[in-house]
Structure formats: structure tokens, C-alpha cells
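Every number here is computed from the coordinates shown, using simple stated rules; none is lab data. Everything numeric here is computed off the predicted structure, so don't read it as measured data. Cβ placement follows ideal geometry from the backbone for every residue including glycine, while neighbour counts extend to all protein chains displayed.
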Amino acid sequence: MNDTDLPQPSLLLIAYASTLKPGGDTTLLDQILTTSQRNNDAQDITGCLGIEGRNIIQIIEGPPAAVEALFEVIRADPRHEGIVLLHRQERQKRLFPGWRMVRRPTTDLYLFLENAKVQPFRT
Ligand SMILES: Cc1cc2nc3c(=O)[nH]c(=O)nc-3n(C[C@H](O)[C@H](O)[C@H](O)COP(=O)(O)O)c2cc1C
């Protein structure tokens, strides 16, 4: 058996939408991005964050247990509310290798998901 016959480690991708609570300080997003880049690097998580007004879309991907744990932390973060899970999919390849957490326009995030054929989450 050679390397290409080995099963590829599976990754989990989660995408959600939320709304930042009003009155957050103006450095909030910089703080979130700085923290994310540091923590995500340590956890082998990549992804991107879209913000338009107070509306957030975020995609996180990486080892399943690490992504689940991060999503629980993010869900519990009091700086935003109305968290809605949009996508949750096991994948073999990352959409954003090398992006520990990068800010992009929200329209880009929808295109990334569509191009990668990530299916909407259904309960
Ligand atoms: C919209 C939003 C997105 C976030 N994304 C991440 C993220 O990708 N990675 C991360 O570590 N923390 C993220 N956070 C911050 C976490 O909720 C939490 O505050 C942080 O992980 C705590 O890190 P610390 O224990 O190192 O201070 C996000 C918070 C918000 C409000």
C-alpha cells in the first residue's frame, strides 16, 4: 500500500451567521481577528470571516474535534447573538489552507461555499 491508498484524514467545515451586538467597541473586530489567528494556528483551524454592518458570516474548518470545540466557544461569546448554523460538512480538503482567519466581504464567503459545493445544513 502506498501513501495515496491511505484514507485521507477528514476535516470538518462549519459556517454560521450571527449578528454583532450593538455598542461593541470599534477595535472589536481587530481583537477577534488577532485572537483567532493565534488560537486557530495552535488548533490547525483555518477559515474566513465576513462582516457587513453588524452581520457576520464565518467559515471554520479543520480537525473535527477542534472545530466543534471552537464553535461551542464562539456560540457562547456574548459579543454576538442570533447564531444560525448554515453549513456543516465533512471534507477531505480545506477551502482556505493557510488562512488562519482572514476578513473578506460576505459576498465572497457565499461564493466560496457555492463554488466548493458545500451543501446547506439541514436538521
Ligand atoms: C464573530 C466571532 C468570531 C470568532 N472567531 C474566532 C475564531 O475563529 N477563533 C477563535 O479562537 N476565537 C474566535 N472568536 C473569539 C472566541 O469567541 C473567544 O473569545 C476566544 O476564542 C477566546 O480566546 P482566548 O481564550 O485565547 O482569549 C470569535 C468571536 C466572535 C464574536
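Averaging sequence separations of C-alpha pairs under 8 Å and six or more residues apart, then dividing by the length of the chain, give the relative contact order as a whole percent.
The value is 40 percent.
Does anything in segment 25-64 have its amide N under 17 Å from the 7 Å Cα→Cβ label point of Glu81, and if so which residues?
25, 54-56
May I ask what percent, to the nearest 5, of DSSP beta bridges between residues of segment 33-123 are antiparallel?
Rounded to the nearest five, the antiparallel share is 70 percent.
For Leu86, list long-range residues whose amide hydrogen, built 1.01 Å from N in the peptide plane, is under 5 Å from its own amide hydrogen.
Ala15, Tyr16, Ala17
Starting with the fewest neighbours, write out Val118, Val84 ranked by other beta-carbon atoms found within 10 Å of each beta-carbon.
Val84, Val118
Residue separation times 0.36 nm, minus the C-alpha to C-alpha distance between Glu90 and Asp44: what's the value?
Gain on stretching Glu90 to Asp44: 15.0 nm.
Calculate one ³J(HN,Hα) per residue across segment 48-61 by plugging θ = phi - 60° into the Karplus curve 6.51 cos²θ - 1.76 cosθ + 1.60, and present them in order as whole Hz with x for glycine and proline.
8, 10, x, 9, 9, x, 9, 7, 10, 10, 9, 10, 10, 8
Could you work out, for the chain, what percent of all Cα-Cα pairs fall into each 5 Å distance bin, beginning at 0 Å and stopping at the bin that holds the largest distance?
Reading upward from the zero bin: 2, 11, 21, 25, 20, 11, 5, 2, 1, 1, 0, 0.
Based on Cβ point charges of +1 for Lys and Arg and -1 for Asp and Glu, what charge dipole magnitude is obtained for segment 8-115 about its Cα centre, in debye rounded to the nearest 20?
Using only the charged Cβ atoms, the result is roughly 80 debye.
Note down the nm distance, to one decimal, between modelled labels 7 Å out along Cα→Cβ at Leu33 and at Thr123.
3.4
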